[in-house]
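Right, one structure below, let's go through it.
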Amino acid sequence: MRAPDRSRDLLLRSTGMEPADLGVLGLYNNTYGPLPGHYLDRAFSCRDCGAEEVWTAKQQKWWHEIVHGSIESRAVRCLACRRARRAALAPSREGKGANRLGEMSERLRGLAGSAPTEASRAEVDAALESKWWSLRVLAIAALGRWGTAADIARLCAFVDAPRSRWDLWRIEGAGAAVKALAGCLRHPEDDGWAIEVCLRGHGGPWSWREFLSAIPADRIAAFAKEEFARRDGDADRVLRLLALMHCIGRAPSPTQMAIVRTHACKDVRLWMRHFPSEVA
Ligand SMILES: [Zn+2]
């Protein structure tokens, strides 16, 4: 943390405020309103018993930044009433259907383990639209387990889908699809696509390490030659290519090393330290 931020934080704390982490709030809140720079103790009346309570700045920080409670949510009940309410609700939660998410997760794992039928496909399709992301991830895993040409095409579409860094579901879904595809990719037809996915940052090479490791050295070298030759190229692609090569234990050729060592981007030049010949 930079010095000005720390002195700001100390100043806020000395006045009973808690500084807010805008990075975390921005990631978990989809709001058009402004995000707070700090939290202040808030007085409220308990919805059930009317007691005057204080929702402290510290509790707010915990609620919004650790639990990821919506920035629009507020404390509405005192502690005693929260406990009473939880106890009153408990019996109905234990009833049949209360653990719906758990049951549906089990069901999807079961469907994934047996050959697909029209009915099980319909269930997986429905799960892909579920409000619960964990069910969507299980549905994606099921497509990978089935692994028919159509399933693989759908998984590839997930991975290829354009997205911004704020499309949290697209990022999560693509990550799940990358994992699901690990056992479905074939040499040599998927080699080029898989490398390109890694270079675009749509999939980390670690999920596909085994597959990438089996791509012939000259194929990787050809990619490297092309990427490294683009002097005005995208530094992120070069970085991802170096990460991919490092992941599967390949090093750029001496000629390529010489080129990369003088790359315009400092991060690229620093990355070269990860390769053995640079250590010496
Ligand atoms: Zn109360």
- Item | In region 60-81, the residues that are under 13 Å from Arg42 (Cβ atoms) and aromatic (Phe, Trp, Tyr) | Trp63
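Does region 91-110 include one or more residues that are more than 16 Å from the ligand (Cβ to nearest atom), touching a residue at least 12 places away in the same chain (Cβ under 8 Å) and among the small types (Gly, Ala, Ser)?
Scanning region 91-110, I find at least one residue that is more than 16 Å from the ligand (Cβ to nearest atom), touching a residue at least 12 places away in the same chain (Cβ under 8 Å) and among the small types (Gly, Ala, Ser), so the answer is yes.
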- Residue list for region 114-133, filter: more than 25 Å from Leu168 (Cα to Cα), in contact with a helix residue (DSSP H, G or I) (Cβ under 6 Å, 6 or more places away or on another chain) and either in a helix (DSSP H, G or I) or of a type in the set (A, V, I, L, M, F, W, C) (or both): Ser120
- Query: So which residues in region 59-73 are of a type in the set (D, E, K, R) and exposed (fewer than 14 other Cβ atoms within 10 Å of the Cβ)?
  - Reply: Glu72
- Determine whether Ala251 is more than 23 Å from Asp190 (Cβ to Cβ), within 29 Å of the chain's Cα centre (by Cα) and not in a helix (DSSP H, G or I). yes
- Query: Going by the conditions given, is Arg261 of a type in the set (Lys, Arg) and loosely packed, with under 13 Cβ neighbours inside 10 Å?
  - Reply: yes
- Message: Can you go through Gly110, Gly37, Gly33 and tell me which one is outside the structural domain of Arg8 (by TED's automatic domain parsing), of a type outside the set (A, V, I, L, M, F, W, C) and surrounded by fewer than 16 Cβ atoms within 10 Å (Cβ to Cβ)?
- Response: Gly110
- Options Glu53, Glu65, Glu72: the member that is in a strand (DSSP E or B) and either touching a residue at least 24 places away in the same chain (Cβ under 8 Å) or within 26 Å of Ile171 (Cβ to Cβ) (or both): Glu53
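Assess whether Arg77 counts as being loosely packed, with under 13 Cβ neighbours inside 10 Å and assigned by TED's automatic domain parsing to the domain that holds Tyr28.
On the way: loosely packed, with under 13 Cβ neighbours inside 10 Å: no; assigned by TED's automatic domain parsing to the domain that holds Tyr28: yes.
Against the criterion (loosely packed, with under 13 Cβ neighbours inside 10 Å and assigned by TED's automatic domain parsing to the domain that holds Tyr28), Arg77 does not qualify.
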- Restricted to region 41-57, and to residues that are of a type in the set (A, V, I, L, M, F, W, C) and touching a strand residue (DSSP E or B) at 6+ places or on another chain (Cβ under 8 Å), which residue is farthest from the ligand (Cβ to nearest atom)? Ala57
- Message: Among the residues in region 148-158, are any under 24 Å from Asn30 (Cβ atoms), in a helix (DSSP H, G or I) and under 17 Å from the mean Cα position of the chain (by Cα)?
- Response: yes
- Query: Which ones in region 113-154 are aromatic (Phe, Trp, Tyr) and surrounded by 15 or more Cβ atoms within 10 Å (Cβ to Cβ)?
  - Reply: Trp146
- Show the residue pairs that are 6+ apart or on different chains and have beta-carbon atoms under 6 Å apart, the first residue being within region 219-230 and in a helix (DSSP H, G or I) and modelled with pLDDT under 85, the second being surrounded by fewer than 20 Cβ atoms within 10 Å (Cβ to Cβ) and among the aromatic types (Phe, Trp, Tyr). none
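The values are calculated or read from the model by the stated rules, or taken from the named source; none is laboratory data. These figures come from a predicted structure and were not determined experimentally. All Cβ positions, even for glycine, are placed from backbone atoms using ideal geometry, and neighbour counts span all protein chains on display.
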